[in-house]
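The values are calculated or read from the model by the stated rules, or taken from the named source; none is laboratory data. Keep in mind that what you see is a predicted model, and the values were worked out from it rather than measured. Cβ sites come from the backbone with ideal geometry, for glycine too, and all protein chains shown count toward neighbours.
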Amino acid sequence: MDQGRSLDAMRRLLGRAQKRRSDAEIFAGLGRVCRYCGLLRPALVAHQEARRLDPLISTSVMHTYFMLGDYERALENSGGDYGYGTALVLGMTGRVEEAISMLRQRELAKPWRLGKLYLTSLRTLLEGKREDCLACAKS
């Protein structure tokens with residue numbers, strides 16, 4: 001998917017899902033690849049099947065709900081997010097100060113360089129500091 005071959009990935013996962021109908025990981029991956037292909041409703045169905053098979057499995061359903069504009073459900077499913085998606089949802093729902101505060105906290109605890117850059121660039125964007133945001137994005 002990350003290499004621009006989402007349709008190929010979806011075909012492979014659909015084939016595997018037919019053979020291994022009880023594999024929650026396949027359905028979790030299928031949910032993500034459906035979203036990459038713009039198939040948001042099927043992405044939700046794949047997520048639901050993954051959770052039926054394994055109630056604790058991590059999926060990317062938060063991003064699907066975000067893309068559908070269902071921000072409340074996106075927030076409900078943001079538990080595994082490192083902060084970026086949650087902050088986007090908070091910002092979209094007008095809770096900008098809450099998003100900024102959360103991003104500041106997460107930036108301090110984030111040792112992963114790229115993750116910290118994502119968090120900092122979003123925070124500076126929400127703060128209206130365009131130049132700082134651009135500088136961060138160029139890092």
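Do we find that Ile57 is over 22 Å from Leu114 (Cβ atoms), outside the structural domain of Arg113 (by TED's automatic domain parsing), assigned to a loop (DSSP other than H, G, I, E, B) and in contact with a helix residue (DSSP H, G or I) (Cβ under 6 Å, 6 or more places away or on another chain) in this structure?
Here the answer is yes, as Ile57 does meet what is asked.
Of the residues Thr86, Thr124, which is part of a helix (DSSP H, G or I), under 30 Å from Phe27 (Cα atoms) and among the β-branched types (Val, Ile, Thr)?
None of the others qualify; the one that does is Thr86.
Can you name every residue in the stretch 24-53 that is surrounded by fewer than 16 Cβ atoms within 10 Å (Cβ to Cβ) and not in a helix (DSSP H, G or I)?
Hits for the stretch 24-53 are Cys37, Gly38.
Can you tell me which of Ala74, Ala28 is within 22 Å of Met102 (Cβ to Cβ) and modelled with pLDDT of 90 or more?
Ala74
Show the residue pairs meeting these rules: Cβ distance below 7 Å; 6+ apart or different chains; first residue within the stretch 85-114 and under 16 Å from Leu75 (Cβ atoms) and not assigned by TED's automatic domain parsing to the domain that holds Thr64; second residue among the β-branched types (Val, Ile, Thr) and in a helix (DSSP H, G or I).
Met102/Thr86
Checking the condition free of Cβ contacts under 8 Å to residues at least 40 places away in the same chain and either at positive phi or assigned by TED's automatic domain parsing to the domain that holds Thr93 (or both), which residue from Gly4, Gly15 passes?
Every option except Gly4 fails the conditions.
Kindly indicate which of Leu108, Leu117, Leu103 is assigned to a helix (DSSP H, G or I), surrounded by 19 or more Cβ atoms within 10 Å (Cβ to Cβ) and on the phi < 0 side of the Ramachandran plot.
On inspection, the qualifying residue turns out to be Leu103.
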